[in-house]
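Reviewing the structure listed below.
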Amino acid sequence: MEVKAQTPNCLCRDCGRIAPVAMPAPDSCPACGSARLVAHAELATLAIAHVDCDAFYASVEKRDRPELADEPVIVGGSVRGVVLTACYIARRFGVRSAMPMAHALRLCPDASVVRPNMEKYRTESRRIRELMQATATRVEAVSIDEAYLDLSDSESDEPPARSLARLALLVEKRVGVTISVGLAPNKMLAKMASDMGKPRGFFVIGTSDALAVLAPMKVGALPGVGPVTAAKLEQLGFTTIAELRQAKADELTHRFGRWGRRLLQQAHGEDERRVGFGRGRSVTVGAERTFANDLRTYEQIAPEVEQICARVAERLARADLAAGSLTLKLRRHDRLTRTHACRLHDPTMKQEIILAAVTPTLLRQLDGTAFRLIGITAHDLMPGKRADPPDLFETD
Amino acid sequence: MKLTIERAALLRALGHVQSVVERRNTIPILSNVLLRAEGTKLSLSATDMDIEMVASLVAQVSKSGATTVPAHTLYDIIRKLRDGSQIELETTGEKGLMTLRSGRSTFTLSCLPPEDYPLMAGGELAHNFLLSAGDLKRLIDRTRFAISTEETRYYLNGIYLHAAKSDQVDMLRAVATDGHRLARMEIPLPEGAAGMPGVIVPRKTVMELRKLLDEMQDDVSVSLSDTKIRFTFAETVLTSKLIDGTFPDYDRVIPSGNDRILEVDCKLFAEAVDRVSTISTEKSRAVKLAIERGSLTLSATSPENGTATEELEVRYSAQPLEIGFNSRYLLDIAEQIEGEGARFALADAASPTVVRDSADASALYVLMPMRV
């Protein structure tokens with residue numbers, strides 16, 4: 001393992017200060033005094049993040065019922081009597097997700113069991129997603145409480161690490177739950193990193209230390225390796241990730257098919273998947289505006305919509321992505337929010353095509369209602385070269 | 001109205017007519033079929049206000065008259081009746097009901113007044129000519145796959161039928177395009193078609209017409225004006241409004257100077273394109289054609305699945321070229337080529353390519369490349 005002689009940078013997760021680490025390393029931020037410091041040689045350059053909400057359902061319930069804050073809380077019960085989420089206090093007793101409720105209560109008899117309220121979690125998830133989308137141009141939601149962020153083509157000059165630290169603070173302040181951030185050169189390492197800092201963590205794995213960090217870990221720590229695969233691997237003599245690296249590609253492919261090749265790549269800390277190209281995951285690029293005064297007429301709204309289209313087009317272009325479909329989001333003065341799908345004939349990243357696609361839908365909704373927010377989201381994203389295919393009759 | 005009719009004949013005629021009727025209608029009577037019994041004939045009419053289909057057939061009419069009944073319901077009833085059975089239809093007085101009897105089955109259907117049925121206004125169709133069913137079929141088949149569904153360019157939502165000159169010979173041409181590909185098919189101009197206006201026949205009309213042609217062998221009489229077209233078969237008449245728009249000047253997008261000629265065995269080519277495109281996960285299923293002297297390498301890649309390549313022996317002697325196409329579009333065209341060989345005339349990776357059947361000059365296809 002070679003270690004590059006690069007001076008590590010240090011990020012203060014509370015004030016966002018990034019500075020080269022002084023020797024001896026300080027215990028607290030010289031600027032604000034916070035002890036939440038993250039140091040890493042590649043801190044200023046890494047841009048792929050995995051963001052995971054800590055015990056999401058349980059955290060939301062604790063937020064809404066402060067009397068439970070210091071109690072073990074288990075969310076679940078209504079569905080087949082299993083644990084959906086256990087708070088970190090309950091986890092100390094050994095309670096885990098997907099465990100039968102009866103078993104969980106034997107481990108932790110004092111836990112408060114809360115029935116899940118999925119509607120509420122989805123709402124909170126959406127609020128967090130919106131904050132993520134304001135942070136990164138590309139957000140790939142993996143589930144209700146997890147997403148990958150690609151900040152490599154961020155519009156600001158701010159180092160991604162600082163944007164992410166601010167995102168974590170914003171989520172705590174606005175939504176009232178904590179998140180863990182993993183920052184790394186690729187999705188797989190980012191996912192492992194977010195796990196390693198939990199809860200309320202901020203963990204960095206760089207290109208230079210990925211091999212060393214992974215080496216001693218059990219193969220089961222790799223994303224996608226569950227107990228069954230782990231057992232098979234152990235049978236083949238691969239218990240740690242370092243051992244797995246010695247495997248022959250043929251052997252793994254023979255045993256695990258296409259997945260075998262990926263396994264070996266993963267063991268080397270490699271992952272070529274781009275954020276935004278996950279399998280069957282919802283991936284969007286969008287923009288929205290909240291108006292200072294509610295708007296009613298087409299004349300008032302048109303210029304705003306044009307700007308939103310420009311923003312979406314700009315973000316698509318920056319990320320080199322083409323939109324396969326669009327949705328128009330309208331929030332009324334009474335906060336009732338509706339989304340409308342808009343037909344797109346060909347994938348696009350052009351402002352005028354986006355505008356032409358949403359305008360008929362928009363016109364249908366303008367019946368004198370006052371709107372406070374309008375947003376446009378691009379879905380079914382595909383590589384930018386698919387955008388606006390050349391047309392026989394429109395030569396430009 | 002009272003009549004008796006054989007099930008098979010009614011089923012066939014109704015089958016044609018009911019398919020014009022939309023499943024969902026805001027005007028209730030448009031869900032109905034108009035039945036009119038007179039002399040020895042029963043005529044059935046249906047419309048969606050853009051297309052009108054009329055079929056007439058022999059029936060034993062004991063009392064003339066007319067009514068309208070729900071088209072799809074009537075069709076479903078007739079469909080389920082026993083083969084070979086006789087059907088009696090009778091309207092019952094002022095109640096607005098029609099009774100249908102066959103064997104031991106009796107149905108009563110609620111009717112709407114025939115006077116309210118919207119019939120397409122007459123108007124003279126000045127241009128008349130005859131086409132063989134086979135020619136009309138080919139004009140449609142070679143072009144309809146390229147009809148656009150893009151609503152903003154409504155004038156591309158049909159087949160452009162017009163008279164044109166090819167090498168000084170008068171031709172009847174059908175052209176369809178969606179901007180990504182264009183298909184042009186021509187036959188010698190039939191007598192009477194000279195001087196006809198260029199018309200755009202809407203997609204739905206094309207599809208209905210094509211269904212009719214499946215069962216017809218005889219000549220079809222075509223009449224048209226600049227707003228309407230009518231196809232008259234022995235027992236069935238299809239009249240349609242035309243798309244009110246200007247078809248773009250397509251001639252200027254058909255390249256004439258493409259000098260890199262690629263000749264492939266069409267069947268082998270189509271099979272290879274189909275195989276290679278399997279790997280592609282995109283909606284557009286792009287395939288890359290790497291062409292060099294005597295050989296064509298087809299390839300596709302997908303970030304998730306992997307890669308595919310296949311090599312074909314071809315006739316090509318120009319400079320090597322790499323070009324990408326939507327595999328679906330390639331297959332659509334290959335499907336239309338009946339001869340063994342397909343001939344591609346290429347310019348470069350960004351310009352339209354012309355494809356023809358090596359053995360048949362009547363059809364021509366233009367294909368826009370994709371970025372690969």
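The values are calculated or read from the model by the stated rules, or taken from the named source; none is laboratory data. Here the structure is a predicted model, which means the values were calculated and not measured. A quick note on method: Cβ atoms are made from the backbone with ideal geometry, for glycine too, and the neighbour counts reach across all protein chains shown. The area values use the complete protein model at the heavy-atom level, side chains included, leaving out ligands, DNA and RNA. Shrake-Rupley method; radii C 1.70, N 1.55, O 1.52, S 1.80 Å.
For region B:342-372, enumerate the residues that are small (G, A, S), open to solvent by 20 Å² or more (accessible area, probe 1.4 Å), touching a residue at least 12 places away in the same chain (Cβ under 8 Å) and away from every other protein chain (no Cβ under 12 Å). Walk me through it before giving the result.
Going through region B:342-372, the residues small (G, A, S) turn out to be B:342, B:345, B:347, B:349-351, B:358-359, B:361-363.
Now restrict to residues that are open to solvent by 20 Å² or more (accessible area, probe 1.4 Å): B:347, B:349-351, B:358-359, B:361-362.
Okay, now just the ones that are also touching a residue at least 12 places away in the same chain (Cβ under 8 Å), so B:347, B:349-351, B:358-359, B:362.
Those that are small (G, A, S), open to solvent by 20 Å² or more (accessible area, probe 1.4 Å), touching a residue at least 12 places away in the same chain (Cβ under 8 Å) and away from every other protein chain (no Cβ under 12 Å): B:A347, B:S358, B:A359, B:S362.
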field: Hits in region B:337-372 - residues which are in a loop (DSSP other than H, G, I, E, B) and in contact with a Gly (Cβ under 8 Å, 6 or more places away or on another chain)
entry: B:A347, B:A349, B:S358, B:A359, B:M368, B:P369, B:R371, B:V372
query: A:P109 versus (1) closer than 21 Å to A:R200 by Cα; (2) open to solvent by 10 Å² or more (accessible area, probe 1.4 Å): which is the lone unmet condition?
result: (1)
- prompt: Based on what the data block shows, is B:L139 in a strand (DSSP E or B), modelled with pLDDT of 95 or more and not charged (D, E, K, R)?
  reply: no
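Any idea how many residues of region A:137-159 are within 21 Å of A:C12 (Cβ to Cβ) and touching a helix residue (DSSP H, G or I) at 6+ places or on another chain (Cβ under 9 Å)?
Taking region A:137-159 as the starting set, the residues that turn out to be within 21 Å of A:C12 (Cβ to Cβ) are A:149, A:151, A:154, A:156-159.
Okay, now just the ones that are also touching a helix residue (DSSP H, G or I) at 6+ places or on another chain (Cβ under 9 Å), so A:149, A:151, A:154, A:156, A:158.
Matching residues across region A:137-159 total 5.
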task: Consider A:G286 carefully, then state whether it is buried (at least 16 other Cβ atoms within 10 Å of the Cβ) and free of Cβ contacts under 8 Å to residues at least 40 places away in the same chain.
output: no
- prompt: Checking A:D195 against (1) at pLDDT below 90; (2) assigned by TED's automatic domain parsing to the domain that holds A:T178, which single condition isn't satisfied?
  reply: (1)
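Picking from A:L46, A:L11, which residue would you name as being more than 30 Å from A:V95 (Cα to Cα), part of a loop (DSSP other than H, G, I, E, B), open to solvent by less than 20 Å² (accessible area, probe 1.4 Å) and touching a helix residue (DSSP H, G or I) at 6+ places or on another chain (Cβ under 9 Å)?
Numbers: A:L11 fails: part of a loop (DSSP other than H, G, I, E, B).
Within the list A:L46, A:L11, the selection yields A:L46.
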task: Check every one of the strands (runs of 3 or more DSSP E) wholly within region B:42-133 and list those with 3 or more residues that are within 27 Å of B:I243 (Cα to Cα).
output: B:51-58, B:127-132
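Here's the yes/no breakdown for (1) more than 30 Å from B:E191 (Cα to Cα); (2) open to solvent by 50 Å² or more (accessible area, probe 1.4 Å); (3) of a type in the set (S, T, N, Q):
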position: B:L57; (1), (2), (3): no, no, no
position: B:T91; (1), (2), (3): yes, no, yes
position: B:C111; (1), (2), (3): yes, no, no
position: B:P118; (1), (2), (3): yes, no, no
query: Mind checking which residues of region A:289-300 are more than 31 Å from the chain's Cα centre (by Cα), in contact (Cβ under 8 Å) with a residue 60 or more places away in the chain and over 17 Å from A:D334 (Cβ atoms)?
result: A:T297, A:Y298
Qualifying residue in region A:125-145 (condition: open to solvent by less than 10 Å² (accessible area, probe 1.4 Å), in a loop (DSSP other than H, G, I, E, B) and among the aliphatic types (A, V, I, L, M)): yes
